[in-house]
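Here's the structure, in structure tokens; my notes come after.
All of the numbers you see were taken from the coordinates with simple rules; none came from a lab. Fair warning: this is a prediction, and the values are worked out from it, not measured in the lab. Glycine also receives a Cβ, built like all others from the backbone with ideal geometry; neighbour counts cover every protein chain displayed.
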Amino acid sequence: MLKKFAFIALLFAFSCGTSDEKKEEKSEIVVLSEKIKENPTNVKLLLERVALNKSKNNLESMLFDYKEVVRLDSLNSYFQFNIAEIYFELSKKQNANPQYPSLVKHHLEKSIKINDGNYYSHALMGELMMAYGAFNPKSYQQAIESFNTSLKLDYNQEKTHMLLGYTFRQVGKENFAINCFRNSINVNPDFYESYVQLGQIFHVKKDTLAVVYYNNALRINPTDELTLYNKALFYQDMEQWNKALDAYAELHKVVPFNSSGHYNLGFIHMKLGLYDVATNNFSDAIYSNSEFYEAYYSRGNCFETLGNVKQAEIDYSRAIEINPEYTYAIEALEHLRTKNKKYNKL
């Protein structure tokens, strides 16, 4: 009985401890909320609760408190900016309130009117206008003006330089974009996003600087799937097959089931006349993505070249089954059946 009692006592102690821990977890925001209830006009307390909800990424609760903060002190430029920033983040969510972008603009305009030297507000206005540019290209020019104003007030903003560069890319001013991305890196040599943007620009130009920038990006983030893939693709586009094969191998060490990487390996091996190896690559692509109809078609092409007509027909048919409008597979299957009438009679 003593042992049983001891066990029950231990269990009770553990339960109490767990309950206390849960109570302690809740106490910070509960106590803060009680203080706010007693003193609802205390901006300092409201901002403390905002900070607490920010640590939990609870944007809706942050917005609830910031509405009250702005009501209590509507002439604070930074409060106007902060509520605009919350609306901006909320606007990115799926099924977001369509009024949020307008509210972002409303509060930013107030912030800038109160303090035209608030470079944060000018930068966010630029980001908002850049987002509008997808629907109204004229907004890109407004974005450029806002970013430039922000950078005149404080040059050392790597993100703003990068966003300005991205906006210049959208309007076709590539040389300006390159300068902006480089300015971003000058401000912060470890700013990953600008290296990626520069890598993509020089990739399109088929300039080997692309690899330099991709490597710099990978120095900062060695496991980034997209950059590993783009580096391999650059070598492939330049027909540097051995370097491409090595780069895809590095990609698959990090992401074994990158289907596009396996598919591209198949393409390279086809170019090298290694159709048997290519079939394995396309099989890996299909294993990674069962709906990869291009891989079925390409594998069918390899099988047809190797004389395996039956398997080629199966693969072409599967490609068409997944995408009934895939012309390459339709034509390949028709051509195969025309060439092999005897096989079709079996």
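In whole Å, what are the extents of the chain along the principal axes defined by its C-alpha atoms, from largest to smallest?
90, 80, 37
Modelled label-to-label distance, ASN175 and LEU272, 7 Å Cα→beta-carbon offset: nm?
With each label placed 7 Å out from Cα toward Cβ, I get 4.1 nm.
Return the FRET efficiency for the residue pair LYS152, THR223: r is the Cβ-Cβ distance, R0 is 30 Å, and the value is rounded to the nearest 0.05.
0.20
For each of ARG49, ARG299, ARG337, count neighbouring Cβ atoms within 10 Å of the residue's Cβ, then give the residues from fewest to most.
ARG337, ARG49, ARG299
When a footprinting reagent is the concern and you count Cβ atoms within 10 Å, what order do LYS271, LYS243 take, fewest first? It would help to have the intermediate numbers written out before the result.
Numbers: LYS271 12, LYS243 16.
Ascending number of Cβ neighbours within 10 Å: LYS271, LYS243.
Between exposed chymotrypsin sites (Phe, Trp or Tyr not before Pro) in the chain, where DSSP calls loop and at most 12 other Cβ atoms lie within 10 Å, what's the longest gap? Don't skip to the end; give the middle numbers.
Values: sites that count: PHE135, PHE257.
No qualifying site falls inside 1-134, the longest such stretch.
Within the chain, what's the longest stretch lacking GluC sites (Glu not before Pro) that sit in DSSP loops with no more than 14 other Cβ atoms inside 10 Å? Before the final figure, lay out the partial values.
Details: sites that count: GLU239, GLU291, GLU325.
Here the longest segment lacking exposed loop sites spans 1-238.
Quick one: which residues, 5+ away or cross-chain, put their amide H under 5 Å from the amide H of PHE292? H built at 1.01 Å from N.
none
Can you put LEU108, LEU226 in order of Cβ neighbours within 10 angstrom, beginning with the fewest?
Sorted ascending by nearby Cβ count, the order is LEU226, LEU108.
Taking 7 Å along the Cα-to-C-beta vector as the label spot, tell me the ASN136-HIS106 distance in nanometres, rounded to one decimal.
Each label point is offset 7 Å from its Cα along the Cβ direction, giving 1.7 nm.
Explain nothing, just compute: Karplus ³J(HN,Hα) = 6.51 cos²θ - 1.76 cosθ + 1.60, θ = phi - 60°, for every residue of the stretch 98-103 in order, whole Hz, x for Gly and Pro.
x, 7, 4, x, 5, 5
Sticking with the crude label model, points 7 Å out along Cα→Cβ, report the distance from LYS92 to ILE322 in nm, one decimal please.
For LYS92 paired with ILE322, the spin-label model returns 3.2 nm.
DSSP loop (so not H, G, I, E, B), at most 11 other Cβ within 10 Å: list which trypsin sites (Lys or Arg not before Pro) in the stretch 137-183 pass both filters.
LYS138
Tell me, rounded to the nearest percent, the portion of alpha carbon pairs in the stretch 74-188 spaced more than 21 Å apart.
More than 21 Å apart: 36 percent of the Cα pairs in the stretch 74-188.
What number, in percent, do you get for the relative contact order of the stretch 74-188 if the mean sequence gap of Cα pairs under 8 Å and at least 6 apart is divided by its residue count?
Relative contact order for the stretch 74-188 comes out at 18 percent.
Excluding TYR66 itself, what net charge comes from residues whose Cβ is under 13 Å from its Cβ, given Lys and Arg +1 and Asp and Glu -1?
Numbers: positive: ARG49, LYS54, LYS67, ARG71; negative: GLU48, GLU60, ASP65, GLU68, ASP73, GLU85, GLU89.
Net charge around TYR66: -3.
Can you tell which of ASN76, ASN39, ASN188 shows the greatest fluctuation in a Gaussian network model of the chain with Cα springs below 10 Å?
In this elastic network of the chain, the residue with the biggest mean-square fluctuation among ASN76, ASN39, ASN188 is ASN39.
Relative to the present Cα-Cα distance, how much length would full extension add between GLU250 and LYS159 at 0.36 nm per residue of separation?
Difference between extended and current length: 29.8 nm.
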